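See structure below.
The values are calculated or read from the model by the stated rules, or taken from the named source; none is laboratory data. These numbers come from a predicted model, not from an experiment. Every residue, glycine as well, gets a Cβ built from its backbone with ideal geometry; the counts of neighbours run over all protein chains shown. Calculation scope for accessible area: heavy atoms of the full protein, side chains included, ligands and nucleic acids excluded. Shrake-Rupley method; radii C 1.70, N 1.55, O 1.52, S 1.80 Å.
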Amino acid sequence: MRTAVSFRISSRAVLWLIWCASCGDKGGSGGSSGGAAGTGAVASGGTAGKQAGSAGAAAGSTATGGTSANGGTSGTSGSSTTSGTAGAPPGSGGDNGGTTAAGGSAGTAGASAGGRAGRATGGSSGRGTGGTAGAAANGGSAGAAAGGATSGALIRNDRFWKDTAENPIYSQGGGVIEVGGTYYWYGVKYNGAPTYEANPTKQNSDTSFNAVTCYSSQDLATWKFEGDALSASDSGTEVKGASWLGRLGVAYNKNTKKYVLVSQYQGTAGNGELFATSDTPNGAFTFDHIQATVANVANQTTGDQTLFIDDDGSAYVICSSSMGRSNLYVAPLRAADYLNVEPATRVFGGAGREGNAMFKYGDHYYFCSSDLHGWNASHTYCIAATNIMGPYGSEFVLANTDADFSHVTQTGFFVTVQGTEQQTVIFAGDRWADFAGNGLGFNQWMPLTFDGSTPAFQSLSEWSLDAATGEWNVGPDNNYALNPSFEADRVTMTVPAGWLTQGSSTNASGGHTGNWNWQLSDTADYEASLQQTVTNLPNGTYTLSAWVKSSGGQATANLFASDFGAGSNATAPLTKAMSAWTQVSIPGIAVASGTCTIGVTTQASANQSLHLDDFALVRSGP
């Protein structure tokens, strides 16, 4: 389990531009504009320039250049700057009480509520580090490690994943099944994905179908490419003629002993549900037929869909209606062979939803969806029931998906892992960066925790997992800042999700990575600040960094960390002209209070500006 990392949320205006018209996968922007509440209380004296000259500043180092902080090419090293002698209090004491093994007992804040843990996934494999205990928070996120050794493969988000041959993984809009202790992951490779992965600076609209890929793993972190389950080049004229193929899943039918692939399809063979079969989970699949309509679904065709496989092996299509997306459905596959979607049951009606997926925890089924944001990130919405066909309760926002819009993803699918010690539900988020341009990596997988039957999302850039026991911990290089690259908000905002601002600021196009950066500027003399307060941090030593462009010449301009111990404050200056993206760092931040406020302040003349991107708050030592 992990240390609960929470944020003090202050009220701010929440901008909602709700477009409830149809918004398909290849559609445009619809839905709310992403007005999540900003986080972090304003630091004492938090007006611009407050940190300048304050006692106890830590040294700030810089490194210039570079087009990518996360997974891309690194910049060349630059000169270092210092801002005075460090005066932060020593990192005395343990991590919020108690010791934990991976996913073990919670610290002083109490036992984790329903805090079962489990496997996760991500890029390259490795052995994670974790350690002493974390505090439990309301909502059930608790007990994460932060220091000692733990076993498990490292799961690294916010980067492009590689398979065991070091080739990029291309798998979007799919699902995972387990067969005899091996996991098989199916998803779509679109022709626009390799283009974006090679140069992740500009989105594209190339949604043309290349293949359904298949990967296998025994730890849900190290993935071997098994081959193409279907491909445009050699799976027949129907598949080759697809103008859209995606939102798919695979289920095993015990009667026919066939693996059945079900996917949305538009193309020369018609529109509807595509079915293909294979004798093996990793074998090539053979096209079977197209089912044109699904009974009882408005418009008779599905919106976004996934497959859900229940404990008894029964398989269901989880979907919305194709137009308007305001109706949610559960539709069983025909039990005899899984080669037909049976009449659907409408389980919910309300605002338009997409990215529909389901998981089961205990005796509850959770039907989860996203806003109608096209390819962009969203809050995650859920309804729950004790019977898969309902009745379902009122819709609620999945806890912790506000501050960075589900780690800048859309609901993709869920993986439930039964370990020898614990169970974990994995949120497998799709980051449609190839079509939205919103950052690095297509796949972002995070664990859920539970307070009784109430789930909570854990937004992590890195975590470790023991796939056998099902226990997990926060990774040693996890970035505790949320929405650090300002990609959660898909439209122009004056307050980014997860942050607080004062003075003149907005997001601006053209980030160090992704679409956006944050800009502090004005046409008149001004003061401005951007900040976020992270609480329930494991005590220890941290490094804060950000990528910066600066006009230079400001009266004051500082990257800062504050409130991490009694009288603590550390800064690094940003008043030097930096025309290229430059990484500025503050090492040696000794967190002794379990909290730290991070951000930037400036007092500047007209037209002097700061551009900020890719913040990171990473633990560097005890």
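Here is how the numbers come out for the structure above:
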item	result
Candidate set from region 579-605 (those that are open to solvent by 30 Å² or more (accessible area, probe 1.4 Å) and more than 20 Å from residue 517 (Cα to Cα)); member that is farthest from the chain's Cα centre (by Cα)	605
The one condition in (1) assigned to a strand (DSSP E or B); (2) under 22 Å from the mean Cα position of the chain (by Cα); (3) surrounded by 24 or more Cβ atoms within 10 Å (Cβ to Cβ) that residue 529 fails to fulfil	(2)
Answer from 416, 401, 411 - the residue that is in contact with a Gly (Cβ under 7 Å, 6 or more places away or on another chain) and either modelled with pLDDT of 95 or more or not in a loop (DSSP other than H, G, I, E, B) (or both)	411
Criterion: at pLDDT 95 or above, among the β-branched types (Val, Ile, Thr), over 29 Å from the mean Cα position of the chain (by Cα) and part of a strand (DSSP E or B) - qualifying residue of 256, 277	277
Region 285-332: number of residues that are open to solvent by 40 Å² or more (accessible area, probe 1.4 Å), more than 16 Å from residue 250 (Cα to Cα) and touching a Phe, Trp or Tyr at 6+ places or on another chain (Cβ under 8 Å)	1
Only one of 195, 182 that is surrounded by fewer than 16 Cβ atoms within 10 Å (Cβ to Cβ), farther than 25 Å from residue 334 by Cβ and in contact with a Pro (Cβ under 9 Å, 6 or more places away or on another chain)	182
Which listed residue, of 220, 230, is over 22 Å from residue 411 (Cα atoms), hydrophobic (A, V, I, L, M, F, W, C) and open to solvent by less than 20 Å² (accessible area, probe 1.4 Å)	230
Evaluation of residue 235 against (1) surrounded by fewer than 23 Cβ atoms within 10 Å (Cβ to Cβ); (2) more than 14 Å from residue 171 (Cβ to Cβ); (3) under 32 Å from the mean Cα position of the chain (by Cα) (one fails), failing number	(3)
Long-range neighbours under 9 Å by Cβ, at least six apart or interchain, first residue at positive phi within region 164-179, second assigned to a strand (DSSP E or B) and open to solvent by 70 Å² or more (accessible area, probe 1.4 Å)	none
Only one of 127, 119 that is assigned to a loop (DSSP other than H, G, I, E, B), open to solvent by 30 Å² or more (accessible area, probe 1.4 Å) and at pLDDT below 95	127
Options 543, 582; residue that is more than 24 Å from residue 494 (Cα to Cα), of a type outside the set (A, V, I, L, M, F, W, C) and part of a strand (DSSP E or B)	543
Filtered residue count, region 359-371, keeping only those that are part of a strand (DSSP E or B) and open to solvent by 10 Å² or more (accessible area, probe 1.4 Å)	4
Which numbered condition residue 576 misses (of (1) over 17 Å from residue 477 (Cβ atoms); (2) part of a strand (DSSP E or B); (3) basic (Lys, Arg))	(2)
Residue match in region 454-461 (condition: under 22 Å from residue 247 (Cβ atoms) and open to solvent by 10 Å² or more (accessible area, probe 1.4 Å))	no
Any hit, region 421-429, residues being open to solvent by 10 Å² or more (accessible area, probe 1.4 Å), of a type in the set (Val, Ile, Thr) and touching a residue at least 60 places away in the same chain (Cβ under 8 Å)	no
Residues of region 485-511 satisfying the condition of being on the phi > 0 side of the Ramachandran plot and either buried (at least 18 other Cβ atoms within 10 Å of the Cβ) or among the charged types (D, E, K, R) (or both)	486, 498, 503
Candidate set from region 342-353 (those that are part of a strand (DSSP E or B) and in contact with a Leu (Cβ under 6 Å, 6 or more places away or on another chain)); member that is surrounded by the fewest Cβ atoms within 10 Å (Cβ to Cβ)	347
Strands (runs of 3 or more DSSP E) contained in region 442-505 and holding at least 2 residues among the polar types (S, T, N, Q)	443-451, 500-502
Single residue of 541, 494 found to be among the polar types (S, T, N, Q) and more than 24 Å from residue 579 (Cα to Cα)	541
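Yes/no per residue for (1) under 25 Å from residue 593 (Cβ atoms); (2) surrounded by 23 or more Cβ atoms within 10 Å (Cβ to Cβ); (3) at pLDDT 95 or above; (4) not β-branched (Val, Ile, Thr):
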| position | (1), (2), (3), (4) |
| --- | --- |
| 513 | no, yes, no, no |
| 518 | no, yes, yes, yes |
| 541 | yes, no, yes, no |
| 558 | yes, yes, yes, yes |
